[in-house]
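The values are calculated or read from the model by the stated rules, or taken from the named source; none is laboratory data. As the structure is a computational prediction, the values presented were derived from the model and not from experiment. Cβ placement follows ideal geometry from the backbone for every residue including glycine, while neighbour counts extend to all protein chains displayed. Remember, those area values only see protein heavy atoms, side chains included, never the ligands or the DNA or RNA. Shrake-Rupley method; radii C 1.70, N 1.55, O 1.52, S 1.80 Å.
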Amino acid sequence: MQKILFIIFLSVTVLHHTNAQTKQLKKDLSQARTLIKNGKELDKAIQLMTDQLANSEEARKTDKVYLTWYEAVEKQYALGNEQLYLGQKYDTVKFFSYAKEMFRIFEALDSVSAQKVEKEGDKVEYRSKHAQKLNAYRPNLFYGGSYFMRNNDYKAAFEFFDTYLDCVNQPLFKEEYNYLNSDTLMPKAAYLATYCGYKLGDMNKVLKYADIAQRDNAHRLTLAQYKAEAYRELGDTTNYIATLRRGFRQFTRHPYFFIYLQDWYTKHNQLDEALELCNEALRNDENWQLVLLAKGNTLLNMEQNNECIAVCDKFISLNDTIPDVYYYAGTACLNEALKLEKEPNAQRKNNTALKEIYKKALLYMEKYRLLSPDDKMQWAPALYRIYLNLNMGKQFEEMDKIVNQL
């Protein structure tokens, strides 16, 4: 009996609470409508509706709450627009924020209305009317994003561009508008959203609209770099390498894609791919010094010493001021000398050939020392070995001291 009484009491309490919520909702709606009609305290009208939506399940299912909220915001927006038009002082941030809020309201109402549709194919209430109304305001989302971007508020800017671009995915607009193909500003807005994501260091935001941004021909190069960096930061190796490869083919002469691809292949000991990349780049420009230097290093790592020396000599004929190329060539000579020294009776059989190789290595390593005097860890052991094998006593003694100090 006590259990039955408790259930009855609980039911009465819930019913009383529900009735109280309904009365409060009606009261707040009435008050908000009055405030809007009078054109005063519009912020209060907005607050009444947003509080209802935050605290009442009934309010979240009531169309009139969204419509009242929208009307108050639209009136604020119109007042701001009028003041700006008349050249009067007005809060620009608020003006643009009202524009974005109108989209949020009607998109939320559209979602609620769609849930009430009983049969598939039936029209969602308000959809066409609201889509047309918001379409007129939509350019201000773009201008709002641009405004915040100029003021270095990349978070707010992204939110505006995001709202602008996301109209493509919103059911509210799909029946009336084909923004992806009809709106010429879409690629630019997508690029600007990508840029804001990059400035925020948020790689998911960088990638969110990157595919649409690729239509913006003016920024294809920069976009490809942003995408590559985003995939790298997110640890998506497959897309990272694919983006670099695609960027390299599209912008063959730009060093970014070559450098990062070459770095990846070298670090992961994919030397055949690294060499092919160099050859592919050189087919477009056989004298590209950056690539010749990378090819010399790759050939050295592959122990193709004579090919390495030939590439380094070509580089030196174009530019004789870069230290690394002399180090690569000198090391390749020493590697060849080591091969001969490992043969049976090497000193007797290959004495003349060895001396010629060491003399060649001497030219490269001494030049390297001249250009990089502080890099003793690299040139000192090499010159020690060269001077020893060429019986250059005075130079050997100097190098012996340096090596011992190291």
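Ratio of Rg to Rh for the stretch 66-207, alpha carbon only, Kirkwood? Don't skip to the end; give the middle numbers.
Details: Rg = 16.0 Å, Rh = 16.0 Å.
Using only Cα positions, Rg/Rh for the stretch 66-207 is 1.00.
Taking the Cβ of A228 as the centre, find all other residues whose Cβ is under 15 Å away and add up their charges (Lys, Arg: +1; Asp, Glu: -1). Mind dumping the intermediate values first?
Numbers: positive: R220, K227, R232, R245, R246, R249; negative: D211, E229, E233, D236, D263.
Net of charged neighbours comes to +1.
Jot down the per residue volume, in cubic angstrom and as a whole number, of the convex hull over the alpha-carbon atoms of the stretch 32-78. Walk me through the intermediate numbers first.
Details: hull volume 2.6 nm³, N = 47.
Roughly 56 Å³ of hull volume per residue.
Ranked highest first by average number of other Cβ atoms within 10 Å, how do 266-272, 219-225 line up? Before the final figure, lay out each step's value.
Working: 266-272: 12.7, 219-225: 18.4.
Ranked by mean Cβ neighbours within 10 Å, highest first: 219-225, 266-272.
Which of L354, Q378, A99 sits farthest toward the positive end of the charge dipole of the chain, with +1 on the Cβ of Lys and Arg and -1 on the Cβ of Asp and Glu?
Highest projection toward the positive end goes to A99.
Let me check something: with ligands and nucleic acids excluded, how do K342, K27 order by accessible area (1.4 Å probe), largest to smallest? Working shown, then result.
Values: K342 155, K27 130 Å².
These residues rank, largest area first, as K342, K27.
For the chain, which DSSP H helices look membrane-span-like by this rule: Cα extent along the axis of 24 Å or more and mean Kyte-Doolittle of at least -0.5?
Values: long enough: 2-38 (54 Å, -0.02); 63-85 (32 Å, -0.70); 92-116 (37 Å, 0.02); 323-341 (27 Å, -0.05); 351-371 (30 Å, -0.30).
Result, helices passing both filters: 2-38, 92-116, 323-341, 351-371.
What's the percent breakdown of Cα-Cα distances in the stretch 179-333 across 10 Å bins, shortest bin first?
Distribution as computed: 11, 33, 26, 18, 9, 2, 0 percent.
Among all the aspartates and glutamates, which ones have a C-alpha under 18 Å from K227's C-alpha, if same-chain residues fewer than 8 places away are not counted?
List returned: D162, D202, D211, D216, D236, D263.
Please enumerate, by chain and number, the lysines with C-alpha under 16 Å from the C-alpha of K401, excluding those fewer than 8 residues away in the same chain.
Excluding near neighbours in sequence, the set is K376.
Explain nothing, just the number: relative contact order of the stretch 367-406, from Cα pairs under 8 Å at least 6 residues apart, as a whole percent. Walk me through the numbers before you get to the answer.
Values: 20 pairs, mean separation 14.4, N = 40.
Once divided by the residue count of the stretch 367-406, the mean separation gives 36 percent.
Dimensions of the stretch 109-181 along principal axes (Cα, Å, largest first)?
Computed over the stretch 109-181, the largest-to-smallest principal extents equal 47, 21, 19 Å.
Return the inverse of the average 1/r over all pairs of distinct C-alpha atoms in the chain, which is the Kirkwood hydrodynamic radius, in Å to one decimal.
Numbers: mean 1/r = 0.0358 Å⁻¹.
Averaging 1/r across every pair of different Cα atoms and inverting gives 28.0 Å.
Using helices alone, I'd like the mean residue ellipticity at 222 nm for the chain: each DSSP H run of four-plus residues gives -39500 (n - 2.57), total over residue count, nearest 500. Before the final figure, lay out each step's value.
Details: 24 runs with 326 residues, N = 406.
When only DSSP H runs of four or more count, the value is -25500 deg cm²/dmol.
Under 20 Å between alpha carbons, and skipping anything fewer than 8 positions from K339 in its own chain: which aspartates and glutamates qualify?
Straight-distance partners of K339: E303, E307, E356.
Express the relative contact order of the chain as a whole percentage, based on alpha carbon pairs under 8 Å and six or more residues apart in sequence. Intermediate values should be presented prior to the final figure.
Values: 425 pairs, mean separation 23.5, N = 406.
Relative contact order of the chain: 6 percent.
Build a GNM of the chain with springs between Cα atoms under 10 Å: which of L390, L48, L244 gets the top mean-square fluctuation?
Result: L390 has the largest fluctuation of those listed.
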